[in-house]
1. Which of the lysines could a cross-linker span from Lys422 if the Cα-Cα distance has to be under 23 Å and same-chain partners fewer than 8 positions apart are dropped?
2. How large is ³J(HN,Hα) for each residue in region 433-446, as worked out from phi by the Karplus curve 6.51 cos²θ - 1.76 cosθ + 1.60 (θ = phi - 60°), to whole Hz, x for Gly and Pro?
3. What spacing in nm lies between the two simple spin-label points modelled at Gln435 and Gln136, each 7 Å away from Cα in the Cβ direction?
4. Rank-order 362-374, 307-319, 402-414 by packing density, defined as the average count of other C-beta atoms within 10 Å over each peptide's residues, highest first.
5. Run the helix sum for the chain: -39,500 (n - 2.57) per DSSP H stretch of 4+ residues, divided by residue count, reported at 222 nm to the nearest 500 deg cm²/dmol.
6. What is the distance in Å between the Cα centroid of region 17-68 and that of region 329-348?
7. Quick one: net charge of Pro65's neighbours, Cβ under 12 Å, K/R +1, D/E -1?
8. Calculate the FRET efficiency for Arg146 and Asp83 from the Cβ-Cβ distance with a Förster distance of 30 Å, rounded to the nearest 0.05.
Amino acid sequence: MANPVTSIIKRILHKLKRLVALGIQRSRQLVHTRRARYHGLNNDAGICYQTVKSPLTQINLHARPIVNSMDFLPDRHSLSGTDFVIGPHVEFAKAYIANGDDPTWDYAKTRYYQLAVAGRLPFPVMGECQARMRCQKFIWMIEQIRRHGYKPREFGAIAVAPTTDGKWMVINGKHRCAALLALGEKNVDVFVGLDNEVRVQFRHLAESVWPRSSYHLSFEAMESLGKPNKDKADEIQQLIEQIKKQKLETWANIYHPLPFYEFGNLTTQVAPDTSYQRLQMILDAADGNVEDKRVLDLGCNLGFYSFSLAHRGARVTSVEMRADYHDISKRIVELYDMNVRFRNESLTPQLIDEVGDVDVTLCFSMIQWVIDQHGMDYGKQILRKISERSKLLMFDVSVNMGAACLVCPHGQELVFVFDWLKEATTYTDIQLVGQVHPYGVDTRYVFACKHQ
Ligand SMILES: C[S@@+](CC[C@H](N)C(=O)[O-])C[C@H]1O[C@@H](n2cnc3c(N)ncnc32)[C@H](O)[C@@H]1O
């Protein structure tokens, strides 16, 4: 038996170690806060708006106020939520257009350059060399747009998101937006992002800053994102209350997120990043464009992927066996007027035939349940049918972990899923495109399957 004194000492030492580690981490963060330098977004965490090309919506740059997005610089240096039109980007672009040919004009005197030198632009640059390069590239971009026009479908669109008080927040493409404003453009094609996706993109950055009280402006800007559905506010609230009472899941309100402003506070059974990481994998596999594509979402649950893709112009059919999930999704379709057809059925090969040829099929964490219900051959039959009907299959399955799962020798999980897909489907191009950890301790390997 362990000596009780030794074990108490061990516990105290362990606690002390953790306290010291936290102390070091906090001190580093304090230094960072004092220096007030921009961290940079980590685009691997989930959804990424860096090179979005569709769907595009035309907005009038002068019809609503445009504000800067979160920069997570301390409040004394932050531009978060402030008027974009009088900010350093537009100021620089206007100054260049007015004076760029004048040899006495010195871009190093601009506020934009000075912020860049100090590392305080919401862009990872710092020091004179990088600041000069940044300015030169900005001027290059202004000239490209002046000479050839803004080409969102080729080079990526400006991404904006609505705020609850009716403004546009520029999430990506500040330089393009500034150039267009300075060039006097009015109507511009942009990608209109969803508040839940933007929050996810900024979540890790938000979590990394400390103390929070020094970053009030950025948190306030993040809070302000969203497009409330004011017309249906009461009915939506009733639905949220109903969901909470229904106790659909074991430790959370819902299984995966519902991508609408009002549902943002519901807790999810799967780790928050999982759904967004998969969504980004779908978009990447579909070359970033699902506009007008036919999508079939199998075991769609409440429809996170269905709604997120429908928002991007996809025509979605979704299949879910459980009536309680299905009824909620149907109600959301009515409340938000979404273009998704939810079917409350158990998945069969006939159903896949009935839906017909599609561009994308999603089969995430569901085939193990079908196999559990109807056996392995049936599962493979479904997979084969999908491969006959769908140009692209996005797939993952639980292996060796969970209530229903496929089993294989330990360590061979990834090889097993690949071989299994190869055997069960007619796809000739099966690529591992990433992995997710829905419950933190498990790994699902995500495959994109196509015909070559
Ligand atoms: C683990 S959840 C995955 C949900 C969603 N695909 C995702 O990854 O976020 C599995 C879903 O498949 C549904 N499901 C299970 N068996 C099914 C079947 N035979 N036909 C249709 N849906 C089924 C479940 O009700 C559940 O909503």
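The values are calculated or read from the model by the stated rules, or taken from the named source; none is laboratory data. Owing to the predicted nature of the structure, the values given are computational and were not obtained by experimental measurement. Reconstructed Cβ throughout: ideal geometry from the backbone, glycine too, with neighbour counts over all protein chains shown. Each accessible area value is taken on the protein alone, full model and side chains, heavy atoms only, with ligands, DNA and RNA left out. Shrake-Rupley method; radii C 1.70, N 1.55, O 1.52, S 1.80 Å.
1. Partners within reach: Lys380, Lys385, Lys391, Lys450.
2. Rounded to whole hertz, the list is 10, x, 8, 10, 10, x, 10, x, 9, 10, 10, 10, 8, 9.
3. Output for this residue pair reads 4.2 nm.
4. So the order, starting with the most tightly packed, is 307-319, 362-374, 402-414.
5. Rounded to the nearest 500, the figure is -13500 deg cm²/dmol.
6. The two parts, judged by their Cα centres, are 34 Å apart.
7. On the way: positive: Arg64, Lys167; negative: Asp83, Asp165.
Local charge sum for Pro65: 0.
8. 0.80
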